[in-house]
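Just below is one structure, and these are the notes that go with it.
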Amino acid sequence: MDIILFGPPGAGKGTQAKRLTESMKIPQISTGDMMRAERSQGTELGKKFDHYMSQGLLVPDALVLELFEKRLRQPDARNGAILDGYPRTVAQAKALDTLLELMGRRIDSVVSIEVSLAEMIDRVVLRRTCEGCGQIYHLRYNPPPSPDACGKCGGKLVQRADDTEEVVRTRYQEYLEKTAPILEHYKTKGVVKTVDGLGPLEEVETRIKASIVPPPPDSN
Ligand code: ADP
Ligand code: AMP
C-alpha cells in the first residue's frame, strides 16, 4: 500500500508516519530526512540542498527525483511506503505516478492533515529531533524526558535550522504555491481524505487510520 501523508510544515506528517510504519509494516520515506542526512555528511549534493533548505525554499525537482526513486526501489519498500514530504510539486506527483505504474503500484491514499498557520508556527519553533534515531518531540506537547536527550535511544536532541518563525512562513508560502495544487491532481483520482490535525497524537492517528481505505491492520 502506498500512502501520501500530506500537509503544511508542522502538520504532524513525520510524527504520524513513524507511528503508522509500526502498525502497517511499511517504511516511512521522508525526503527532508534524506536531504538532512546528505547535508550532514557534507557532500556536494548536501551543499546544494542546504542552499534551498536554509531559506525555506523547495529544492529543485531535478535534484529530488532521482534521490526519491532510488529510495523507493529499496527492498524494504517493495510492499509500499508512507511518503512524508514527497511529492511536493505537481511535477514530482506526476513522476511518482509514472514510477509506481512501472512497479505495478499506485497511490492508494492521500491523507491531508489540516492545521492553522498559528498552530504550525507554534509546533515548529519548539520541535526537537533526535540526531540518532530521528524521533520527533515538541518541548510542550510531546516533551522528551530530558530537554537534551532522546527518550528512545539517548541520542542528542537538536533544533532544525529552518525551524524559525521567519523560515516557516516562507515554507508555508512554498506549500501554498507549489505543493497544495497536488491535492487537485489526486482529487481527480478519488484518493484524497482530509483529517483535522489538532488534538492528541493518538486521536490524530486514529483519524488517519480511519481515512485510509482499506484500513491498515491494527497492531493493538
Ligand atoms: P511535519 O513532519 O508535518 O513537519 P512533525 O511531525 O515534525 O510535522 O510535527 C511538528 C511538531 O509538532 C513536532 O514538534 C511534533 O512533536 C508536534 N506535533 C505533531 N503532532 C502534534 C499534535 N497532534 N499535537 C501537538 N503537537 C504535535
Ligand atoms: P521537511 O523535512 O519535509 O520539513 O522538509 C524540509 C526542507 O527540505 C523543505 O523546506 C525543502 O527545502 C526540502 N525538501 C524536502 N522534501 C522536498 C521535496 N520533495 N521537494 C523539494 N524540496 C524538499
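The values are calculated or read from the model by the stated rules, or taken from the named source; none is laboratory data. Source: prediction; values computed, not measured. Please note: Cβ atoms are built from the backbone with ideal geometry, for glycine as well, and neighbour counts cover all protein chains shown. For the accessible areas, the whole protein counts, side chains as well, though only heavy atoms, and no ligand, DNA or RNA atoms are used. Shrake-Rupley method; radii C 1.70, N 1.55, O 1.52, S 1.80 Å.
Quick look at the numbers
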{"quantity": "Search result, residues across the range 15-31 that are buried (at least 18 other Cβ atoms within 10 Å of the Cβ), touching a helix residue (DSSP H, G or I) at 6+ places or on another chain (Cβ under 8 Å) and part of a helix (DSSP H, G or I)", "calculated": "Thr15, Gln16, Arg19, Leu20, Thr31"}
{"quantity": "Complete set of residues in the range 1-51 that are of a type in the set (A, V, I, L, M, F, W, C) and either in contact with a Cys (Cβ under 6 Å, 6 or more places away or on another chain) or free of Cβ contacts under 8 Å to residues at least 40 places away in the same chain (or both)", "calculated": "Met34, Met35, Ala37, Leu45, Phe49"}
{"quantity": "Exclusive hit being farther than 19 Å from Glu177 by Cβ and part of a loop (DSSP other than H, G, I, E, B), set Gly46, Gly42, Gly56", "calculated": "Gly42"}
{"quantity": "Tally of residues being in contact (Cβ under 8 Å) with a residue 60 or more places away in the chain and of a type in the set (A, V, I, L, M, F, W, C) across the range 153-175", "calculated": "3"}
{"quantity": "Filtered residues of the range 197-214 (kept if in contact (Cβ under 8 Å) with a residue 40 or more places away in the chain, away from ligand 2 (no atom under 16 Å from the Cβ) and touching a strand residue (DSSP E or B) at 6+ places or on another chain (Cβ under 6 Å))", "calculated": "Ile208, Ser211, Ile212"}
{"quantity": "Helices (runs of 4 or more DSSP H) wholly inside the range 103-194 containing at least 1 residues that are among the hydroxyl-bearing types (Ser, Thr, Tyr), surrounded by 14 or more Cβ atoms within 10 Å (Cβ to Cβ) and within 16 Å of ligand 1 (Cβ to nearest atom)", "calculated": "165-174"}
{"quantity": "Residues of the range 42-86 satisfying the condition of being touching a His at 6+ places or on another chain (Cβ under 9 Å) and open to solvent by less than 50 Å² (accessible area, probe 1.4 Å)", "calculated": "Val59"}
